[in-house]
Structure formats: C-alpha cells, structure tokens
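Some notes on the structure that comes next.
The values are calculated or read from the model by the stated rules, or taken from the named source; none is laboratory data. Because the structure is predicted, anything quoted here is derived from the model rather than measured. For neighbour counting, all protein chains shown are included, and Cβ atoms are generated from backbone atoms with ideal geometry for every residue, glycine included.
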Amino acid sequence: MEKNFDCGQAMAEAERCLLCHDAPCSKGCPALTNPGEFIRKLRLRNVAGAIRTVKENNILGGACGALCPTARLCEKECAATGIDRPIRIGKIQRFLVEHSWKIGFKPFAGGRFELPRPVKGKVAVIGAGPAGLACAAELAKNGCQVTVFEERAEPGGVLRYGVPGFRLSAEFLKKELEDIKALGVTFRCSQGIKGPDGAEKLLKKGFQAVFIGIGLWAPVRPPFGGKEGANVIASVRFLELYRGKPAQLRKLCGGKPVAVIGGGSVAVDCARTALRLGAEDVYLVYRRSFAQMPAEELERIEALNEGIHFLPLNQPTGYARDARGNLTGVKLVRTRLSGKDSSGRRKPSDVKGSDWVLDAGACIEAIGNKPEERSLSLGRLISADPGTGRTSKAGIFAGGDIVRGPATVVQAVADGKAAARAIMKQLAK
C-alpha cells in the first residue's frame, strides 16, 4: 500500500482545521464517520478519543480512509469553507486506524461495547462485503448475535477480491476484520446462501432478521458481445485472480501490450495491476474524454505517473485475432463529443471512417458488474427502501451494490448501518 501519514504529519494536518461549528465535512460523509469530531480530538491530542470516534462510527474506517473518493465527499465540503486547501481527511482517518494497531489500542475494549452482553436478537447477514460487515458490526455493538454467511473462502467481499493489494493489503484488511470479530460476530465462510428463498429459509431456522449484502460479481460485457475468448478477461475475475493466482495473470500480461476497456476506478486499478504483472505497455481505452472519466482525478494522475497510456475518445468495436484465435488487437473507432445525455455529460458519437486497431496481446474488460444469475436476486438488483434497507418481504433487508448498483465502499457502509438501525427497531417491538 502507498505510504500514509505518520503521527507528525497527521497532527500537523489536524492543526490546519478551522474547527467549524456544525462541521460541513461531517455532513459530507455518507457513513457518518464524523471527521469534524475526530479531527478536533486529534488536534487536542486526544488520540484515543479520535480513534474511537472513527471506529465506533465506521467499523471499516481504515479501508474507507484508504479508498474513499474524499475529494468529492468530506474534503469537498471542507474546501467550501474557504480554507486555502481542504484538510486531508482520508489520510488522517487512515492514520488513526493504523496507529491504533501500532500501539495495540482496542477501541471496543473496556467500554460500552465490551462483551459479553445480553443478546437482544439473532440476525443473519448474507455477504461479507462492506455493507454486510458494517451491518454486522452495528448489530453486534447493540447486543445482537450475528452470523455472517459468505460464499467465498475469506470475508471482505470487494475489499479482498476486487481491490488490488497495492491499494489495500491483505494484512490491512485482516486487522480491520479483527475489530469486527472482537465484537462477537461469527463468520461462516465457504457457505453461500443460494436460491430465491434462501433468506426466507434462514428466518425459518430461527434468525429474526436477515440482511442481504451480496454485491455484484457478474461482469458486464461490451456491446459487441460474445464470450470471453483467449486472452480476454473480465475485471472482476482479473482482480480476484491477482489476489490468489498472480502467476496465471503474469502469463496473461507479461511482456505484452495490454488493453483495458473502461474509465472507472476499477479500470484504472486493472491497468495499474497489469503494469505490475510485467505488461510491456498498458492502454486504458475510454469512449469519452479524459476529464469525463468516472475514476477519481488522483487515481488517474497516479496511473499517468506510473506510465499507463490513456486513449480517451476511442470506442471499442471488437477484437482482432489471428488464424489460431489468439488476440492480436482491439478494434477501435474514434469518437467526438456532442450534446449532453441523461448523466449530464457530453455523449460520444463515432467519427465515420476513423476505425483502427490497437495492438494488444491481452485485454481486460472493466465496464461494470451486475448481479449473478445464480444469486439470491436471480440476476436483478434488489429493491429496498434507501433509508432503512427494508425489502418487500418481512424481516429481510438489503443494501450495498446489490441495491444501488456499482457504488463506493463508504456508501455500502452507510447502507449497512442504516439497515442495522432499522433491524434494531424491528427487534425492539
């Protein structure tokens, strides 16, 4: 992982805070981590209190500090106060969590979350990604007996299988998960809950409520369709293999020009990962302009500095292959921007006669994910109340990407917390 603040740097950054009344930065955090409070405490040298504020409000405070698009959330609100430059809130937040591990500080020990506590209810959480983890932690802090069912071998969801290690290491995630386990949450990994009635079966087994946070694990394919051919791989599979079988990916990318299709954070992650796997050159192909890419500005700049080649205003139309079926390139057509579409961005249109082929020995498709056909949702997003996570079925709640569609970790945390509050109200009746 990239180097974060040390203690001196974090303190110095906290000293810059204007100590705003009714801090706007706190309103800018979807997960209600309350940066206004933890920065104030750090500035007053109450380090333990600052750590507690982060972890009590956001059990994944470390991961969010490392991965959050703070420039368009809390730090954007900070910038609006008139300060010369916004406080580096994400880096302070991550420092506090890492510092707690360094000094052995346990934010939930000796306080109101100390175990054992009277059990107030029995709840099942399906999916050990950010939404499920946040929901489980919030319920456990409030005295619930929580069991998390996870299909994969390890908990973490997208944090483990969808974020490359140079952005969030396995050791970092392990320590974050220890804080959740310390609350008494039970994990049952390699034990997925399947079928449209999977959640209802858990209710019949004695769980009083179920939260579904299974995420999106099926790739969206380019419009020219077809199955993945030789040396073409979806981003979700690519990043999962990078965690477990990097040697297989080195064979795919090593010494070759690699194309990545997409313009979001996942596409940038894949491009940077391919470079680390020994790709000769990596080209990130996007049909709109560089400025319109969904990936955060800092991510794009880091990728540029590492040597990623950006090819904006180019639309993929197909793959070029030799007589043996081996990938030789990606077929492209240049685009130009015209009037705005429903997203408010100028839409791309093909430039007639501008077709060309980008030489590529491997291609990573990173244009989005969708629900799996065999999942609880049967290939569809789950409809749930955005404020409570309630679904149309009594006792069943849902949140995260399976409800929102592709979103950020901090939004998933917010969904998990909101559902936990609603579940607690239900159990109290």
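Taking only pairs six or more apart or across chains, which ones have beta-carbon atoms under 8 Å, a first residue in the stretch 1-28 that is not assigned by TED's automatic domain parsing to the domain that holds A48, and a second residue that is among the polar types (S, T, N, Q)?
M1/S169
Could you grab me the full set of residues in the stretch 26-50 that are surrounded by fewer than 24 Cβ atoms within 10 Å (Cβ to Cβ) and under 16 Å from I103 (Cα atoms)?
Once the filter is applied, which keeps residues that are surrounded by fewer than 24 Cβ atoms within 10 Å (Cβ to Cβ) and under 16 Å from I103 (Cα atoms), the stretch 26-50 yields R45, N46, V47, A48, G49.
Scan the stretch 86-142 for residues that are farther than 15 Å from K55 by Cβ and modelled with pLDDT under 90 and jot them down.
Those that are farther than 15 Å from K55 by Cβ and modelled with pLDDT under 90: L115, P116, R117, P118, V119, K120.
Could you please find all residues in the stretch 327-355 being closer than 23 Å to V268 by Cβ and in a strand (DSSP E or B)?
Passing the criteria: L327, G329, V330, K331, L332, V333, R334, T335, L337, R346, K347, P348.
Give all pairs with beta carbons closer than 6 Å in which a residue from the stretch 330-355 that is in the same structural domain as I233 (by TED's automatic domain parsing) meets a residue that is part of a loop (DSSP other than H, G, I, E, B) and surrounded by fewer than 16 Cβ atoms within 10 Å (Cβ to Cβ); count only pairs at least 6 apart in sequence or on separate chains.
Within 6 Å, the pairs are K347/D341.
In this structure, is P406 within 21 Å of V268 (Cβ to Cβ), out of contact with any His (no Cβ under 6 Å at 6 or more places or on another chain) and not in a strand (DSSP E or B)?
The answer is yes for P406.
Can you tell me which condition R287 does not meet? The list is (1) farther than 27 Å from E75 by Cα; (2) over 25 Å from the mean Cα position of the chain (by Cα), and all the others hold.
The number of the failed condition is (2).
Testing R324 on (1) modelled with pLDDT of 95 or more; (2) not small (G, A, S); (3) not in a helix (DSSP H, G or I), one condition comes back false. Which one is that?
With (1) modelled with pLDDT of 95 or more; (2) not small (G, A, S); (3) not in a helix (DSSP H, G or I) applied to R324, the lone miss is (1).
Looking only at helices (runs of 4 or more DSSP H) that lie completely in the stretch 1-95, which have at least 3 residues being farther than 23 Å from F108 by Cα and in contact with a Pro (Cβ under 8 Å, 6 or more places away or on another chain)?
Answer list for the stretch 1-95: 74-79.
Can you tell me which residue is surrounded by the most Cβ atoms within 10 Å (Cβ to Cβ) among those in the stretch 249-273 that are within 16 Å of the chain's Cα centre (by Cα) and assigned to a helix (DSSP H, G or I)?
Across the stretch 249-273, the extreme among qualifying residues is C270.
Can you name the residue in the stretch 381-429 that is among the β-branched types (V, I, T) and either outside the structural domain of V146 (by TED's automatic domain parsing) or more than 26 Å from A66 (Cβ to Cβ) (or both) and, of all such residues, is surrounded by the most Cβ atoms within 10 Å (Cβ to Cβ)?
Applying the filter and picking the extreme gives I423.
Answer yes if at least one residue in the stretch 280-294 is under 17 Å from F166 (Cα atoms), buried (at least 18 other Cβ atoms within 10 Å of the Cβ) and of a type in the set (K, R), and no otherwise.
no
Out of all the residues in the stretch 158-166, is one or more at pLDDT below 95 and among the hydrophobic types (A, V, I, L, M, F, W, C)?
yes
Any residue at all in the stretch 274-282 that's in a helix (DSSP H, G or I), in contact (Cβ under 8 Å) with a residue 24 or more places away in the chain, closer than 22 Å to R221 by Cβ and not charged (D, E, K, R)?
Yes, the stretch 274-282 has at least one match.
I need the full set of residues from the stretch 169-184 which are in contact (Cβ under 8 Å) with a residue 40 or more places away in the chain, within 20 Å of N57 (Cβ to Cβ) and not acidic (D, E), in order please.
Across the stretch 169-184, the qualifying residues are F172, L173, K175, L177, I180, A182, L183, G184.
So, R243, is that one assigned to a loop (DSSP other than H, G, I, E, B), in contact with a Lys or Arg (Cβ under 8 Å, 6 or more places away or on another chain), at negative phi and not assigned by TED's automatic domain parsing to the domain that holds P155 or not?
Spelling it out, it is not the case that R243 is assigned to a loop (DSSP other than H, G, I, E, B), in contact with a Lys or Arg (Cβ under 8 Å, 6 or more places away or on another chain), at negative phi and not assigned by TED's automatic domain parsing to the domain that holds P155.
Taking the options I39, I103, name whichever one is of a type in the set (A, V, I, L, M, F, W, C), touching a residue at least 24 places away in the same chain (Cβ under 8 Å) and within 27 Å of I180 (Cα to Cα).
I39
For the stretch 401-429, enumerate the residues that are of a type in the set (S, T, N, Q) and touching a strand residue (DSSP E or B) at 6+ places or on another chain (Cβ under 9 Å).
Q426
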